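What follows is a set of notes on a single structure, which appears directly below.
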Amino acid sequence: MSFVSVLLLVPLLAFVAILFRVPARQAALGASLVNFLVSLWIYFHYDPQFQGYQFVQDIRWIQLPALPEIHYHVGVDGINLALILLTTVVTLAAVIVSPEGIKREGEFYSYLLAISLGALGAFVSLDLFFFYIFHEFALVPTFLLIGIWGSENRQFVSLQITLYLIVGSMILLVGILALLVLLPADARTFDIPSLINYVQTHPLPINKESLTFGFLLVGFGTLVSLFPFYTWAPSGYAVAPTAAAMLHAGVLKKFGLYGLLRVAIPLLPGGLEQWKMLLYALLLGNILYIGYVTIAQKELTTMLGYSSVMHMGYLFLGLATWNKIGLSGVVVLMVAHGLSIALLFALAGEIKDRTGEIKFSELGGLGQRMPFVSVAFILASFASIGVPGLANFAGELLIFFGSWKAQPWITALAIWGIVISAVYQLRAVQSVFFGKLPTHLKEVEDIQGITKKFPYILLMSFLLLIGMMPNFLLSVIKPTVEQYFATH
Amino acid sequence: MNTFFILCSPEFFLTASALVLLLWQAFAKLNYKSVGVLVLADYLAAGVLLLPFVENQGIFYNGLYVWDKMAVLWKVFFLITGFLVSYISLESDSLIPKARAEFYILPLLTTAGMALLASVRDFILLFVGLEIVTVSFYVFVAFQREFPSALEAGMKYLIIGALASSFLVMGIAFVFGITGSTQFDEVARFAQKSPVNAPLILGLVFILVGLGFKASAVPFHVWTPDVYQGASTPITTFLAVGSKAAGFVVLLRILNLPFYDPGFQKHWIPLIVLMALLSVVFGNLAAIPQRNIKRMLGYSSISHGGFLLMGLSAHNKIGCAAVIYYFFAYLVAIFAAFLVIVLLEKNQPSGVSIKDFNGLYQKNSLMAWSMAFAMISLAGLPPLMGFFGKLMVFLAAWESGQHLLVIVGAICAAAGLYYYIGVVRAMFWTEPENVQRIDLSPATKVLLWILSIGSILLGFYAEPVIKLVGAVLS
């Protein structure tokens, strides 16, 4: 069995263990720790110079009438390796951050594991069918986590997010099926590498490519909260329990971007050309419009939700320009954003739990009472703004380098987004941690003990590691991206 | 002749055992519960009797009656349906007037009619089979005559059913008048030899109207929500699965044999597409505001009729395979859903609204999970059986060029999520008014487990069912 399959098997075993009444928190903790170590093992045994996928496992699954054979086909290259690391790190942090003795504990941790399993499965799948199924598998527990453990107004929000994301998935499914039907019957397959090989030698008719790309863009775009399909995200994250917001905003949301760069653009390059200008307009909507909307927010978690939507604009920019530098930047920023937003949501959760407040107007001066939280929050905010030395900077810089040559004006407007994000992020830092400490917050305590601090230190370490040594990721990403373009 | 009797075993066996049971309970004053158990045993016995003849093939009585793998598969389907309906009836015994053993015996005759329909190769036999089924449903729907809603439902079903039957007979008369035969092969041969003329098309249209009623396809659906709501729950289940399947079996047969000729196809394909389109749009949209769960499932059944018609509109083997697979997925989900409804109704005899599902998870997690899987499967979310059913239907329709239909179908399926997820939301996310645990019998627990696991396993690993369907169609 490939080590990649072990990554999927471990949460599954923990899931079964919880079913058989093994203490849920311990099982989830054990599974996420093992998975973190397995992903590190894969990282250190990955050969960047190898052409193609590594740790491959390919088993025939089933065949449905009118559909090509479905395979359980998994493997790793530089791009999904980075995302595997992101997933295991954020999962471990999310599990530790979750409170002990939460109601319906068994279910809670099972759902967290299921999201992690679904995300890992989607990232490592080289078969379109499993790629889609794994993502859907991860969505259902997200709805349940929000619906059961969410804060006020969870009923409405969980229904809204459910419908939004499922409609997005449906459109995506129509796009995937349309893509298959575009090919002649004997060339149809779910195998992503074979599909890419095929379209490189047999270009598809441009008008059909364009329509199919439209479906995929709207489908994936909704899952990533592309403007204007974003309204589910801020309210969803604001209401979600901390661990669910960390896993969804940090990891699962990357599925849409990963789908665009792994499936939609390589298979339908002509489609991207046709939709490019609209995509530029929409991503500027993400960066500028949502950026200004974020500034107007009065609550911490809602603001973080909007800021997450805003940052997706940069990632779309990197994808739209579609060149080597930009694409490397996209992968780095996906990881960096995942780490930083997970850290921010975790800290926001701590602040909410300890103070009972989430409105900026009710907070202030917490730096005096919570030095650890404030340092971590400031570091995460700096990362989010794109301060050099932290992970996001490396990704954003590469994306802007990549896009500058192709679209200087759009890039210039997008760079303005950095100023906007600095405004709202620093304002949040200022109004939460500085200024006068309100009397009702005088007794608030900081996070105590190394085990409680561990998830934050873990996320911060990775943000610093990638920021200081982007080569940690780029050494595996770049060769893969180069192969991507060399075979094009 | 002997072979024929052996091959007909489900029909003969079920009819004979129904008659024996009727006499037995009349003279020996059998307790209604024992009758129910005997009926369950009858279904099992009929299934066992079928086993030796699974591989047989043949056409009997000058082409009147066919025994092929498809017929066997559908007979098995109807036996499972009958068995589960009887089980649900036994489970809901407190809701049905006591000492009425006929309530348990009549489904045997209905199932015999359905099994007969699986083998029809002649329009007269088709009509007879369909009437056996329909007439027994007239009785079932109005069985609880002390409830005005049941009487109203029975009346509606009777009037509209009779109208549909007249259309069907009229259609058959036209076909017979033009072709000189009611036998499927003869009609097909006629169409090959001479051009298809207007009266023949009229006959086809009338027949489709009659069968549209069975399939509860728009615009012949008006009875569905009222009857689903008014009938007792086991009967609603029977209508939702058995009666609908009977309609589709007949459609599968006639559209692929007597009316398979391109001369016919160019007329019936647009009609089927139109019915499918209207059914998915109306069924899904009208289900959204419903608060009574049986009424909601009534509208949802209209939409499922639409999805199934979508498979038929593909007029090829893949479409037929999709329809058969879809029905198995539908059977598993609907029975799980109605079993849970019956279990809830025991505490709430006045009827179950979606509000009554609030916090069901805290009262009985197995019931909540079974209902959730049923709803998710009906909604068509992966990786449950319902998803693969919809996927195959969409693909078949897309391949045959019905692009608009598929796009509208996908949008409607997405709209349908709203009401299915609404039930899941009530069970898991809403606090109940009281947390009184609901206890289940071991047999019911096992059945709920089987239905839930079946819907996941046969979805994620659909190969066995697909192979079976493929073998049937080859």
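The values are calculated or read from the model by the stated rules, or taken from the named source; none is laboratory data. Small disclaimer: the values here were computed from a predicted structure and weren't measured. When we count neighbours, we look across all protein chains shown, and the Cβ atoms used for this are built from the backbone with ideal geometry, even at glycine. These area figures cover heavy atoms from the full protein model, side chains too; ligands, DNA and RNA do not enter into them. Shrake-Rupley method; radii C 1.70, N 1.55, O 1.52, S 1.80 Å.
For chain A, a simple Cβ point-charge model (Lys and Arg +1, Asp and Glu -1, everything else neutral) yields a dipole of about 680 debye relative to the Cα centre.
Over chain A, calculate the relative contact order: mean separation of alpha carbon pairs under 8 Å at least 6 apart, over the residue count, as a percent.
Once normalised by length, the contact order is 16 percent.
Which FRET efficiency, nearest 0.05, do B:V169 and B:I456 yield, Cβ-Cβ r, R0 35 Å? Here the calculated transfer efficiency is 0.20. Put a dot 7 Å past the Cα of A:L464, heading toward its Cβ, do the same for B:I407, and the two dots end up 5.4 nm apart. Summed over both chains, the area buried between A and B is near 3400 Å², taken from the accessible surface of protein heavy atoms with a 1.4 Å probe. Here r is the Cβ-Cβ distance between A:H440 and A:F372 and R0 is 22 Å; the resulting FRET efficiency, rounded to 0.05, is 0.55.
Can you send over the carbon and sulfur percentage of the accessible area for the protein assembly as shown, probe radius 1.4 Å, protein chains only?
Of all accessible area on the protein assembly as shown, carbon and sulfur atoms account for 68 percent.
The angle between the Cα long axis of helix A:24-45 and the main principal axis of chain A comes to about 50°, on a 0 to 90 degree scale. Shape verdict for the protein assembly as shown, please, from the Cα gyration tensor: rounded (a/c under 1.5), prolate (a/b greater than b/c) or oblate. Prolate is the answer for the protein assembly as shown, as a/c is 1.5 or above and a/b outweighs b/c.
Ligands, DNA and RNA aside, B:D185 has an accessible area near 30 Å² when probed at 1.4 Å. Take each residue of peptide B:412-420, count the partner chain Cβ atoms within 10 Å of its Cβ, and average: the result is 3. Once the Cα atoms of helix A:128-149 and of chain A are each reduced to a long axis, what angle between those two axes, in degrees from 0 to 90 to the nearest 10, is obtained? Around 20 degrees separate the two axes.
Counting, for every residue in A:165-174, the Cβ atoms of other protein chains within 10 Å of its Cβ and taking the mean gives 5. Over the residues of chain A, the helix contribution to mean residue ellipticity at 222 nm works out to -24000 deg cm²/dmol, using -39500 (n - 2.57) for each DSSP H run of at least 4.
Ranking A:H45, A:H311, B:H315 from most to least accessible surface, computed with a 1.4 Å probe over the protein chains only, gives A:H45, B:H315, A:H311. The mean count of C-beta atoms from other chains within 10 Å of the C-beta of residues in A:58-65, rounded to a whole number, is 6. Each of A:M468, A:A428, A:L413 was scored by the projection of its Cα onto the charge dipole of segment A:412-488, and the greatest displacement toward the positive side belongs to A:A428; charges sit on the C-beta of Lys, Arg, Asp and Glu. Most tightly packed first, judged by the mean number of other beta-carbon atoms within 10 Å of their residues, the peptides B:201-214, B:332-345 read B:332-345, B:201-214.
A Cβ-based charge dipole, computed about the Cα centre of segment B:243-349 with Lys and Arg at +1 and Asp and Glu at -1, lands at about 160 debye.
Assuming charge only on the beta carbon of Lys and Arg (+1) and of Asp and Glu (-1), the dipole of segment A:129-224 about its Cα centre is about 100 debye to the nearest 20.
Per residue, the accessible area of segment A:198-341 comes to 23 Å² when a 1.4 Å probe rolls over the protein heavy atoms.
Please list, in order, the residues from segment B:163-197 whose amide nitrogen is less than 13 Å from a point placed 7 Å along the Cα→Cβ vector of B:Q265. So the set is empty, nothing qualifies. By how many degrees, between 0 and 90 and to the nearest 10, does the Cα long axis of helix A:78-97 differ from the longest principal axis of chain A? So the helix axis and the longest Cα principal axis differ by about 30 degrees. For the set A:W41, A:W149, B:W449, solvent exposure ranked by accessible area (probe 1.4 Å, protein chains only) runs largest to smallest as B:W449, A:W41, A:W149. Applying both filters, DSSP loop and at most 12 other Cβ atoms within 10 Å, to the trypsin sites (Lys or Arg not before Pro) of segment A:415-488 gives A:K436, A:K442.
When you filter the chymotrypsin sites (Phe, Trp or Tyr not before Pro) in segment A:87-121 for DSSP loop state and at most 13 other Cβ atoms inside 10 Å of their Cβ, nothing is left.
Decide, for chain A, between rounded, prolate and oblate: order the square roots of the alpha carbon gyration tensor eigenvalues as a ≥ b ≥ c, take rounded if a/c falls under 1.5, and otherwise choose prolate if a/b is larger than b/c, else oblate. Here chain A falls in the prolate category.
The residue list A:T87, B:P225, A:Y43 was ranked by how far each Cα lies along the charge dipole of the protein assembly as shown toward its positive end, using unit charges on Cβ atoms, and B:P225 comes out on top.
State whether segment A:382-488 is rounded, prolate or oblate according to the following rule on the C-alpha gyration tensor (a ≥ b ≥ c being the square roots of its eigenvalues): a/c under 1.5 gives rounded; otherwise a/b larger than b/c gives prolate, and the remaining case gives oblate.
Oblate is the answer for segment A:382-488, as a/c is 1.5 or above yet b/c matches or exceeds a/b.
Using all pairs of distinct alpha-carbon atoms, the Kirkwood hydrodynamic radius of segment A:96-229 works out to 16.8 angstrom. For the set A:W409, A:W61, B:W268, A:W404, the ranking by accessible area, highest first and with no ligand, DNA or RNA atoms included, is A:W409, A:W404, A:W61, B:W268 under a 1.4 Å probe. Take B:D185, project a point 7 Å from its Cα along the Cβ direction, then tell me which residues of segment B:54-94 have their backbone nitrogen under 15 Å from it. Residues B:57-68 fall inside that zone. When the charge dipole of chain A is built from unit charges on Cβ atoms (+1 for Lys and Arg, -1 for Asp and Glu) and taken about the Cα centre, the candidate among A:S307, A:Q368, A:G101 whose Cα reaches farthest toward its positive end is A:Q368.
Using a cutoff of 8 angstrom between alpha carbon atoms and counting only pairs six or more residues apart, the relative contact order for chain B works out to 14 percent.
Seen from B:H304, the other residues with C-beta closer than 14 Å to its C-beta sum to a net charge of +3, counting Lys and Arg as +1 and Asp and Glu as -1. For chain B, the spread of Cα coordinates along the three principal axes comes to 70, 57, 43 Å, biggest extent given first.
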